[in-house]
Amino acid sequence: MKTLIKYSFFCCILCLASCSKDDSDYKPIDLVYQLDFEGLPTPNIASDNLLTNAGVALGRRLFYETKLSKDNSMSCATCHVQANAFSDINRFSLGVEGLPGKRQAMAIFNMAWNNNEFFWDGRAHLLRDQALMPIQDPLEMNETLTNVIDKLETIPDYIERFDEVFGSPEINEFRISLALEQFMNTIVSNKSKYDKVQLGKATFTTSEERGRMLFFNQFNPVNPNLSGANCAHCHGGANFENNDYMNNGLDIDADMVDIGRGDVINNDLYRGTFKVPSLRNIELTPPYMHDGRFNTLEEVVDHYNNGIKISSTLNSTLASVQNNGGFQLSEQDKVDLVAFLKTLTDYELINNPKFSDPFN
Ligand code: HEC
Ligand code: HEC
């Protein structure tokens, strides 16, 4: 009731000020946010949520806002830490109740190029749908959206910002999700050494260049000199991912505790498949895989080299390599592959003040 009176009051003020504008025909006066995505394809920004400076700034505050959690102690950034390319180095992040989640936190960058749903199992359709889930997740922030809105409404700065972004001061869950979507869409990673080499502004060392070949070349048991580890088969394109859900041989059927995508779409062909994650910034985001089972990139490379487990949904390319004796990488090959992976680290991303905590 209190909220209703408040809304009516603000609506009156707004009507007096600007006649009869509603959300749909409201055009933000603020300038369009300029997204730097040099070297990357055109991003998929939803046409009903174009980036504005005010919208991005609001989303950034909400991303770092601890009032989104039950005991006001945790924000999105607690588990999505800028220094780690917006991921968590804990195997399972602890939520407000001190209980661990069930999966390793994912890194958040280049979300605007993700066009096949969100989370390890893709259970969130759009980024805006995803944004409200951790708030309500009992193992994460464990708060109700009604409480979040009530808390934000006590802060005049938020009322002003929602007004500026959406054309009226109402704070609701849809607007919170749109603002978070805007901010997350601005977190672009395109300034790694790899990107600089693509633009002719840097060169790979001999080891990195060998690693690059191993990453992109196909497995070729007939000609070991040309044989690669075929990582780009799945981790391909500008973002080193393929927008698909696959099984990379972590477990045999009987050992699958978490069946990932198979559970979401209720399809046995996807049992034990997970999103193929981007390998950009991979050096900064240990531990690895949906359950954080590997602590180092060396362990990951060993897994692909000779640890692939055969199961009913194992990717057929990896299955055929495994059946032919594995990738047979030498110690030097492994060192070079890891050296190449480290060229995907973007130090400008983790030091960019545009993405840091606005309350500090
Ligand atoms: C307690 C730790 C925690 C908090 C707090 C948290 N997250 Fe996450 N986040 C995770 C984990 C763990 C995953 C992977 C979960 C899964 O796949 O089931 C994840 C996944 C994501 C993804 C999916 C990325 C992708 O590539 O699909 C996005 C986006 C995201 N979180 C945004 C947010 C936002 C926005 C907030 C704040 C409203 C938030 N997170 C709060 C731990 C957290
Ligand atoms: C058949 C597709 C496929 C191929 C080929 C492949 N990967 Fe993966 N990769 C995946 C999938 C799927 C995951 C996520 C698996 C999970 O967590 O259950 C993954 C996860 C990873 C991760 C962990 C990412 C994170 O955020 O935790 C790294 C690192 C990685 N792969 C590196 C490589 C390297 C290096 C190669 C080549 C030797 C390679 N991958 C080949 C599909 C593939």
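The values are calculated or read from the model by the stated rules, or taken from the named source; none is laboratory data. Worth saying up front: this structure is predicted, and the values here are computed from it rather than measured. Backbone-built Cβ (ideal geometry, glycine too); neighbour counts: all protein chains shown. Ligands, DNA and RNA are excluded from the accessible area calculation, which covers all protein heavy atoms including side chains. Shrake-Rupley method; radii C 1.70, N 1.55, O 1.52, S 1.80 Å.
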Being open to solvent by 20 Å² or more (accessible area, probe 1.4 Å) and at positive phi is the filter here; which residues of region 98-120 pass it?
Gly98, Glu117, Phe119
From Asn281, Asn243, Asn295, Asn323, grab the single residue that is within 13 Å of ligand 1 (Cβ to nearest atom), among the polar types (S, T, N, Q) and open to solvent by 20 Å² or more (accessible area, probe 1.4 Å).
Asn243
Would you pick out the residues in region 254-278 that are within 14 Å of ligand 1 (Cβ to nearest atom) and surrounded by fewer than 16 Cβ atoms within 10 Å (Cβ to Cβ)?
Val257, Asp263
Residue pairs, Cβ under 7 Å, 6 or more apart or interchain, first in region 232-254 and touching a residue at least 24 places away in the same chain (Cβ under 8 Å), second aromatic (Phe, Trp, Tyr) and within 7 Å of ligand 2 (Cβ to nearest atom). List them.
Tyr245/Phe274
Can you name the residue in region 121-177 that is in contact with a strand residue (DSSP E or B) (Cβ under 9 Å, 6 or more places away or on another chain) and outside any helix (DSSP H, G or I) and, of all such residues, is surrounded by the fewest Cβ atoms within 10 Å (Cβ to Cβ)?
His125
In region 213-223, how many are open to solvent by 70 Å² or more (accessible area, probe 1.4 Å) and touching a residue at least 12 places away in the same chain (Cβ under 8 Å)?
4
Within region 351-360, is even one residue more than 16 Å from ligand 1 (Cβ to nearest atom), outside the structural domain of Cys76 (by TED's automatic domain parsing), over 30 Å from Tyr158 (Cα atoms) and surrounded by fewer than 18 Cβ atoms within 10 Å (Cβ to Cβ)?
no
